[in-house]
Amino acid sequence: MSTADIIEPRTDEPLSEQLRDEIRALGEHEAHPRAACIAALQRVQEEYRWVSDAHLREVAPLLGMSPADLDGVATYFNLIFRRPVGRRVLLLCDSVTCWLMQRERLEAHLRHRLGIVPGQTTPDGDITLLPTVCLGHCDHAPAMMLDNELYGDLDEQRMDAIIDGTAKAMP
Ligand code: FES
C-alpha cells in the first residue's frame with residue numbers, strides 16, 4: 001500500500017455512537033466517572049491517532065467533566081496527543097541516563113534521516129518525532145518507543161533497522 005492509499009482518520013466527524021457508549025461504560029465502571037478520563041482519551045486516540053478539540057468537547061460531558069478539566073488532563077499526560085501526529089510516533093527518551101548514553105547523537109541522526117526536528121512530522125505523514133521523559137528502560141539506554149513498542153541499546157544502525165521495521169523490540 002502506498003502512502004497515498006492510506007485513509008486518514010476524520011477528526012472533524014462526531015464520535016461514533018459505539019465509541020460514545022464505550023466511553024460511557026468506562027465511566028460507569030468507576031466510582032467517579034472522571035477516573036476513566038485517560039482510558040477514554042486513549043480510546044479516542046486509538047481511533048483517530050490524536051484528540052481534537054471537537055472530540056475532547058464530546059468526551060468531557062460523557063464523564064461529567066468540563067472540556068477545560070479534560071483538556072488539563074490531556075495536556076498533562078504526555079502520551080495523549082492534542083495535535084495531529086503521523087502514522088507512527090517515535091518518542092526519543094530525553095532523560096538523564098539516555099543523555100549520559102549519547103542520546104543527542106541519535107537525535108542528530110534522526111534529524112538527518114527524517115529531515116525534521118523534534119515536534120515535527122515527516123512530509124509524507126509517516127513519523128512524528130517527539131522527546132519524552134524517561135521510558136523506564138534506563139538499563140538499556142539510550143531508549144526510544146515507536147508505535148508503543150519499546151527499544152533500547154540504540155545506536156544509529158539499530159535505530160535505522162527499527163524505523164525500517166527489521167529490528168525487534170525489548171532486547
Ligand atoms: S533515562 Fe532514558 S529510559 Fe530512562
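The values are calculated or read from the model by the stated rules, or taken from the named source; none is laboratory data. Being a predicted model, the structure only gives us computed values, none of them experimental. All Cβ positions, even for glycine, are placed from backbone atoms using ideal geometry, and neighbour counts span all protein chains on display. Accessible surface areas use protein heavy atoms only, side chains included; no ligands, DNA or RNA. Shrake-Rupley method; radii C 1.70, N 1.55, O 1.52, S 1.80 Å.
Here is how the numbers come out for the structure above:
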quantity	calculated
Mean separation of Cα contacts under 8 Å, 6 or more apart, over the residue count of segment 67-146: relative contact order %	40
Debye log10 I(q)/I(0) at q = 0.10, 0.16 Å⁻¹ for segment 56-171, Cα point scatterers	-0.34, -0.75
Residue (of M145, I163, H109) at the positive-pole extreme of the chain, dipole from beta-carbon charges	H109
Isotropic mean projected area of the C-alpha convex hull, segment 21-60 (nm²)	2.5
Dipole magnitude of the chain about its Cα centre (Cβ charges: Lys, Arg +1; Asp, Glu -1), debye to nearest 20	300
Under the Karplus curve 6.51 cos²θ - 1.76 cosθ + 1.60, θ = phi - 60°, whole-Hz ³J(HN,Hα) for segment 127-133, x wherever Gly or Pro sits	10, 9, 9, 10, x, 9, 6
Fully extended contour minus Cα-Cα distance, from A54 to I38, at 0.36 nm per residue	4.1 nm
Separation of the T166 and V96 label points, Cα + 7 Å toward Cβ, nm	3.8
Simple label model, 7 Å out from Cα along Cβ direction - H112 to Y76, nm	4.1
Extension reserve of the R83-S16 stretch, reckoned as 0.36 nm per residue once the Cα distance is removed	22.1 nm
Per-residue HN-Hα couplings for segment 8-16 [Karplus 6.51, -1.76, 1.60; θ = phi - 60°; Hz; x = Gly/Pro]	7, x, 8, 7, 8, 8, x, 4, 5
Amide hydrogen neighbours beyond the local backbone of C134, cut-off 5 Å, H modeled	D94, S95
Free-standing Cys, the chain [no other Cys Cβ under 4.7 Å]	C37, C134, C138
Segment E156-R24, length gained on full extension (0.36 nm per residue, minus Cα span)	43.0 nm
Mean Cβ neighbour count within 10 Å, used as a protection proxy, ranking 151-162, 114-125, 84-95, 10-21 highest first	84-95, 151-162, 114-125, 10-21
For the chain, accessible area per residue (1.4 Å probe, heavy atoms of protein chains only), Å²	56
